[in-house]
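This report concerns only the one structure given below.
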Amino acid sequence: MVPESLQCSIAEARLNPGKVDELLARTRREVDAGLLSAAQVALARNGKLALLATFGDASQESLFCVFSATKAVTSAAAWILIEEGRLDEEEIVADIIPEFASNGKEVIRVGQLFTHTAGFPAAPFRPLDWNDPARRLERYAQWQLNWTPGSRFEYHPSSSMWVIAEIIERRSGQSFQSFVRERVAKPLGLDDLHVGLPDSEQGRAAHCEHAGDAMTDQDWRDLGLPPPPVTEVTEDAILSFNRPEVRTVGVPGGGAFMSAAELALFYQGLLHGGLRGRRIWSDATLNDARRVRTGEMTDLVGTVANRGLGIIVAGDAKRSFRGFGKTNSPDAFGHNGAGGQLAWADPATGLSLGYCTRTHDRHTIRQGRRGVAISSIAALCAL
């Protein structure tokens, strides 16, 4: 639960009650219609949680897998090492992890891991491989490049974040999970932010499920878009997070568990450098992390990638294609997750949003439009 010191009222946060009501109505629409079995939404401002609402088959105490929204947590943990001078994004990865230096990967730089320009988007790594140090090293050595590092952008669903977690362990001298817990979650006061769900909290985890019909290749062509490539983010992979042993791993690219409240408050931490008067990141570190490093590189549908150091920056009018609302400012930043999880902060208003659901809509465009609608309303909630 979020401590009272991190909570405030809608009035204290100076939120627009009418827009908040609109946000709540939009959040519950698919739950009432029977498509989503549960959804949860949170808004925070000025370092405090102002709204948390849960609909359907979940409670305020439920913990959701936030999938790729985890990448911002993993990245922000690494920013601490960068700020402390223990890591540099220009370093060669293989100088930190010698076992990584194979099959052309010896030229990859640390920063390319964060920006999905490292060249090994589909490199295989099963979550339980993490528990076996020898197996980890074997995996790194086996990985091959799909293209020349730094030459293009292609989303790495999990591979590059495994390497970042390994780097955090080698440079900090402690497990990745404990580093996130001790250097990020606890200082922020977010006891329910878990990268590696402990046994004591397994009963609170909302089980993942799927609903709706998947789009056909013709559906994509009718929209003038190419059918998306097959990736590791399969239905079986999503459902594997219903297994306690997988939840416990704390998959650094997509396995954190928390509520929408922790998501929204984590981003308040990224806006203010910390919470409750305790600084974790300096303004210089946060400003540099939000600096776009991918230039004019585009994703598979031709939208400029706009990648900072492990996060996405809203940018131009196509921000809704990057997971933001149409009303977010160009400076908004965040990272959403599979199944429709939403997470961002907007420096223009000081607002941050967290949205979680346990039901993954197979209809990709419908899911995307839902996220854009929710974010677009949320971005207008500040007075």
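Just so you know, all these numbers are worked out from the coordinates, no wet-lab data involved. Source: prediction; values computed, not measured. So basically every Cβ, Gly included, is an ideal-geometry build from the backbone, and we count neighbours across all protein chains shown.
General remarks:
- Residues in segment 101-140 that a label on Glu90 would reach, taking backbone N under 20 Å of a point 7 Å out along Cα→Cβ: 106-118
- Extension gain (nm, one decimal) between His207 and Arg29, 0.36 nm per residue minus Cα-Cα: 62.0 nm
- Using a Förster distance of 25 Å, the FRET efficiency for Leu300-Glu235 (Cβ separation, nearest 0.05): 0.75
- What you get for the chain, charging only the Cβ of Lys and Arg (+1) and of Asp and Glu (-1), is a dipole of about 720 debye around the Cα centre.
- Across segment 118-223, the relative contact order, built from alpha-carbon pairs under 8 Å that are at least six residues apart, equals 22 percent.
- Segment 67-139 - percent relative contact order, Cα under 8 Å, separation 6 or more: 22 percent
- Per-q log10 I(q)/I(0), segment 239-383, q = 0.18, 0.21 Å⁻¹ (Debye; single scatterer per alpha-carbon; no solvent): -1.15, -1.44
- Rg/Rh for segment 53-166 (Cα atoms only, Rh after Kirkwood) is 1.04.
- Among Glu106, Glu245, Glu84, residue whose mean-square fluctuation peaks in a GNM of the chain (springs only between Cα atoms under 10 Å): Glu84
- Segment 31-84 versus segment 108-185: alpha-carbon centroid distance in Å: 23 Å
- Mean Cβ neighbour count within 10 Å, used as a protection proxy, ranking 299-311, 219-231 highest first: 299-311, 219-231
- Net lengthening on full extension, Arg291/Lys326 (0.36 nm per residue, minus Cα-Cα): 10.5 nm
- Order of Trp162, Trp344, Trp147 - criterion: other Cβ atoms within 10 Å of each residue's Cβ, fewest first: Trp147, Trp162, Trp344
- Gaussian network model of the chain, Cα within-10 Å springs - most flexible of Val195, Val93, Val251: Val93
- Legend: calculated FRET efficiency, Gln142 to Ser200, from the Cβ-Cβ distance at R0 = 41 Å, rounded to 0.05, equals 0.70.
- Gyration tensor (alpha-carbon) shape descriptor, the chain, a/c threshold 1.5: rounded
- The modelled label-to-label distance between Glu106 and Asp57, using points 7 Å beyond Cα along the C-beta direction, is 5.4 nm.
- Cβ crowding within 10 Å ranks Glu90, Glu201, Glu138, Glu169 as Glu90, Glu138, Glu201, Glu169, fewest other Cβ atoms first.
- Cα gyration tensor shape of segment 1-74, rounded if a/c is under 1.5, else prolate or oblate by comparing a/b with b/c: oblate
- Value of Rg/Rh across segment 260-341 [Cα atoms, Kirkwood radius]: 0.99
- For segment 99-159, the pair-distance distribution built from all alpha carbon pairs, in bins 5 Å wide starting at 0, is 4, 21, 28, 26, 16, 5, 1 percent.
- Relative contact order (%) - criterion: Cα under 8 Å, at least six apart; region: the chain: 25 percent
- Here the gap between Glu245 and Asp217, fully extended at 0.36 nm per residue and compared with their Cα-Cα distance, gives a gain of 6.6 nm.
- The packing ranking, built from the mean of other Cβ atoms within 10 Å per residue, places the peptides 26-33, 39-46 in the order 39-46, 26-33, highest first.
- Think of it as helices only: each DSSP H run of n ≥ 4 in the chain is worth -39500 (n - 2.57), and spread over all residues that comes to -9000 deg cm²/dmol at 222 nm.
- Rounded, prolate or oblate (a/c below 1.5 giving rounded, otherwise prolate when a/b exceeds b/c) for segment 251-301 by Cα gyration tensor: oblate
- Between Asn328, Asn131, Asn242, the Gaussian network model of the chain with springs among Cα atoms under 10 angstrom shows the greatest mean-square fluctuation at Asn131.
- Segment 62-112 - Kirkwood radius from inverse mean 1/r over Cα pairs (Å): 12.6 Å
- Distance between modelled label sites at Arg366 and Ala122, nm, 7 Å Cα→Cβ extension: 2.9 nm
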